[in-house]
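The values are calculated or read from the model by the stated rules, or taken from the named source; none is laboratory data. Note that the structure is a prediction, hence the values are computed from the model and not measured. Glycine gets a Cβ as well: all are built from the backbone with ideal geometry, and neighbour counts include every protein chain shown. Heavy atoms of the whole protein, side chains included, go into the accessibility calculation; ligands, DNA and RNA do not. Shrake-Rupley method; radii C 1.70, N 1.55, O 1.52, S 1.80 Å.
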Amino acid sequence: MPMPGALDARDRSATLRRLAAGPLDVLVVGGGITGAGAALDAASRGLRVGLVESRDLAAGTSSRSSKLIHGGLRYLEQRDFKLVREALRERDLLVTRLAPHLVKPVPFLYPLYKKVVERPYVGAGLVIYDAMEGARRPVPYHRHLTQRGALRRAPGLRPERLAGAMIYYDAQVDDARHTITVARTAAAHGAIVVTGASATSLLRSDDGSRVIGARVLDKETDRSVNILAERVVVCAGVWTDLVHSLGDVQAGYQVRMSKGVHLVTPRSAIDANTGMIVRTEKSVLFFIPWGERWIVGTTDTEWSGERDEPVATSEDVDYILAAANRVLATPLTRTDVIGVYAGLRPLVAAAAQTPTTKLSREHVVDVPLPGLASIAGGKFTTYRLMARDVVDAAVADFPRPVPDSVTDQLPLLGADGFPAVRAAARRLAEDYGVPLAAVEHLLARYGSLTGEVLELVGADKSLGQPLLDGYPYLRAEVAYAVTHEGALHVEDVLARRIRLLIESPDAGVAAAPEVATIMGGLLGWGRRHRALEVRQYEQFAAANSEALQSPDSLLEAATPIPA
Ligand SMILES: Cc1cc2nc3c(=O)[nH]c(=O)nc-3n(C[C@H](O)[C@H](O)[C@H](O)COP(=O)(O)OP(=O)(O)OC[C@H]3O[C@@H](n4cnc5c(N)ncnc54)[C@H](O)[C@@H]3O)c2cc1C
């Protein structure tokens, strides 16, 4: 019997057999944050739950976001008060109770350029933002800064025309890690989670009136199984329309895709000790501190291409650099950029001519056919509410009573006992013979499960070594990704369990052979299989960073923010 909450890739065939043995109460299709959240919500109501994910947990949008857990200051401007209020409440719940090891407060500086009009306008917005959250708050209130105060926190800003700034707080998270942790928490409550398993059709009852499960293709073996379930819940993000069409289902909404691109630069490229948010013509640009790096973005353009691997174009990169250089004293150039990634927002369709920047980020739930519920839209921050709403809809007429959602009281794996394990950091470092910095790195990623990773080091000292010089990741994290986090391929490790895909200038290619060796040792890969995995990862990484290959443009000439 596997350990509760461990997604052990070595047990995948047995897990798939358990899933097929059914019948389930709820089968969730899609392993992004919404699907992982729905699996946790349903499993923690005592239901028998399965989750199938086509590729890997968080392989879609849920590893490609701005990684902010936020109320969304700009949605306030769109008068989306309900969304902002709900999101702020969720942010605080995650920071304090559900995932304090993963979701961390972060300050944002909002530079002001129009002395007379801007300060009262932005200030009033932030008063509302803070007031919506209330007095019991885990993050500080906003503050006003003079020009000198702003430049003290962000010396890298162009001083000319800078009138001052506001500083306010939101939170950030490693989106893929959070998604995997939610899926593991669902598994700890009994959900059966299988990746590399794609729903290829929806099964109907004999008279065709209800959905009774899904046919699922195991992509690792190319075999298909029927999975019977009392309810099927579709959480397929930008693939939602495709999944509906698999079952010949007409849902009450459609999904439009909007592409968002981010650049990753070294911390030294921008002189600031706080996150920053600046206005652009169409929206806002974030400078988000990310360990030893910055994440800068994003864009918002309509997308109708391939869903699986949206790619950044050279124009996307130029747009972000130009927008950043309007406020930075030392311009960013392409040589500063070490990583780039693109994601697709699943936006619920409105009139075809509405620009995607104007579409609401609220979610929509539909029950297009008995036995089938689906959800789309929303945002990462509100995944818990989305999960609750879609499960509520799915079980509204369930054959037996189903309790209400309890996920607001359910800390994610790694949250329980976190302060005590954090306090023991020095002792753990001594006991396992690893540097204190390595234990602190693990604590920020695994919380109170840090001991599980260190136990692997206890059994094999070589796993306590860094995976790649200059990066904090340990070799043990690769092994743990296989034994506890369901990683099946080198890409699963380098793109989502650890983030070398976006954090290293070679997209983690130098680490791929070592990752394949550690994974291969656990999963029984021969030499050829390891070489194939490395080759596949190299191709994936090359496609991902293609947009960075064009020559530098004359971005230094970008115009500063107008007065
Ligand atoms: C650029 C960008 C920045 C963003 N920034 C933020 C932010 O800072 N904060 C915030 O709150 N939100 C943000 N968002 C929004 C947020 O990332 C998304 O709302 C969220 O990740 C969507 O999750 P999901 O689970 O609905 O979709 P996905 O993560 O895409 O998951 C859907 C999954 O379904 C799987 N699937 C599809 N078809 C099938 C099938 N037939 N069988 C099995 N599985 C299938 C896919 O492989 C995929 O993994 C951002 C989005 C983008 C694009």
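Tabulated results
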quantity: Selection within segment 21-38 - within 15 Å of the ligand (Cβ to nearest atom) and in a helix (DSSP H, G or I); calculated: ILE33, THR34, GLY35, ALA36, GLY37, ALA38
quantity: Of all residues making up segment 39-67, the number that are more than 6 Å from the ligand (Cβ to nearest atom) and among the β-branched types (Val, Ile, Thr); calculated: 1
quantity: Segment 417-428 residues that are among the acidic types (Asp, Glu), paired with ones that are in a helix (DSSP H, G or I) (beta carbon under 8 Å, 6 or more apart); calculated: none
quantity: Scope segment 374-398; condition over 16 Å from ALA43 (Cα atoms) and in contact with an Asp or Glu (Cβ under 8 Å, 6 or more places away or on another chain); matching residues; calculated: SER374, ILE375, GLY377, GLY378, PHE380, THR381, THR382
quantity: Matching residues in segment 369-423 - criterion: being more than 19 Å from ASP92 (Cβ to Cβ), open to solvent by less than 30 Å² (accessible area, probe 1.4 Å) and in a loop (DSSP other than H, G, I, E, B); calculated: GLY371, VAL395, PHE398
quantity: Residue list for segment 39-85, restricted to those being outside any helix (DSSP H, G or I) and of a type in the set (A, V, I, L, M, F, W, C); calculated: LEU47, VAL49, LEU51, VAL52, LEU57, ALA58, ALA59, LEU68, ILE69
quantity: Residue, farthest from GLY339 (Cα to Cα), within segment 237-261, restricted to residues that are within 13 Å of the ligand (Cβ to nearest atom) and hydroxyl-bearing (Ser, Thr, Tyr); calculated: SER245
quantity: Selected residue (criterion: nearest to the chain's Cα centre (by Cα)) from residues of segment 237-250 that are aliphatic (A, V, I, L, M) and surrounded by fewer than 22 Cβ atoms within 10 Å (Cβ to Cβ); calculated: LEU242
quantity: Filter pass, GLY46 being under 29 Å from PHE398 (Cα atoms) and within 20 Å of the chain's Cα centre (by Cα); calculated: no
quantity: Filter result (within 10 Å of the ligand (Cβ to nearest atom) and surrounded by fewer than 23 Cβ atoms within 10 Å (Cβ to Cβ)) within segment 68-82; calculated: GLY72
quantity: Whichever residue in segment 275-305 is polar (S, T, N, Q) and assigned to a loop (DSSP other than H, G, I, E, B) and, among such residues, is nearest to the ligand (Cβ to nearest atom); calculated: THR298
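Per-residue answers, yes or no, for (1) in contact (Cβ under 8 Å) with a residue 60 or more places away in the chain; (2) crowded, with 19+ Cβ neighbours inside 10 Å; (3) touching a strand residue (DSSP E or B) at 6+ places or on another chain (Cβ under 7 Å):
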{"site": "GLU133", "(1), (2), (3)": "yes, yes, no"}
{"site": "HIS144", "(1), (2), (3)": "no, no, yes"}
{"site": "ALA150", "(1), (2), (3)": "no, yes, yes"}
{"site": "ALA163", "(1), (2), (3)": "no, no, yes"}
{"site": "ALA176", "(1), (2), (3)": "yes, yes, no"}
{"site": "ARG184", "(1), (2), (3)": "yes, yes, yes"}
